[in-house]
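What follows is a single structure, written as structure tokens, with notes after it.
Values quoted throughout were computed directly from the atomic coordinates according to the rules given, and no laboratory measurement underlies them. Small disclaimer: the values here were computed from a predicted structure and weren't measured. Neighbour counts run over all protein chains shown; Cβ positions are idealised from the backbone, glycine included.
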Amino acid sequence: MHDILINNYWLHKWKLTDDDKCRWCGQDTESIYHVFWECHHISVFWKDFNEFCSKHKLQNVDKELVFYGINNELLCCLIFVAKRFVYKCLYDEQIPTMTECLKRIDYVRMIEYNIALKNNKLQQWMLKWRPMFR
């Protein structure tokens, strides 16, 4: 993610913005680490995300999983969807909420379902998404 996702740290460094402050909290430098982990708005989001994971008997997400991933196909997918959603929220200058993220997760789940159905791989799809149906 580093040096790929644009944030106010880089925009300010390139003299494209007046300051490097976070678009959500306005207090700290908007670095990748701040946007995806440190900002108090994102802390609330990850807390809600972990409640969702606990409800579905999935491992809790910590900063290591957010930045480096995990070998669990479903959880890795959920984290990827969440991070993409968080970045889109930053770009749109909206605070990320789990309610909206769940819509994105459901959208990805249904796309994968339709692909699995078309390719006659529903069994593999069910194995991946099974924790969501407990």
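Here are the numbers for the structure shown:
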| quantity | calculated |
| --- | --- |
| Tally, over the stretch 24-63, of residues that are within 17 Å of I6 (Cα to Cα), under 17 Å from the mean Cα position of the chain (by Cα), assigned to a loop (DSSP other than H, G, I, E, B) and of a type outside the set (G, A, S) | 3 |
| Hey, D48 among the acidic types (D, E) and surrounded by 14 or more Cβ atoms within 10 Å (Cβ to Cβ) or not | yes |
| Pairs with Cβ under 7 Å, 6+ apart, first in the stretch 40-62 and over 25 Å from K21 (Cβ atoms), second surrounded by fewer than 18 Cβ atoms within 10 Å (Cβ to Cβ) and of a type in the set (D, E, K, R) | H56/R134; K57/R134 |
| Members of the stretch 76-114 that are in contact with a Pro (Cβ under 7 Å, 6 or more places away or on another chain) and either among the hydroxyl-bearing types (S, T, Y) or in contact (Cβ under 8 Å) with a residue 24 or more places away in the chain (or both) | V86 |
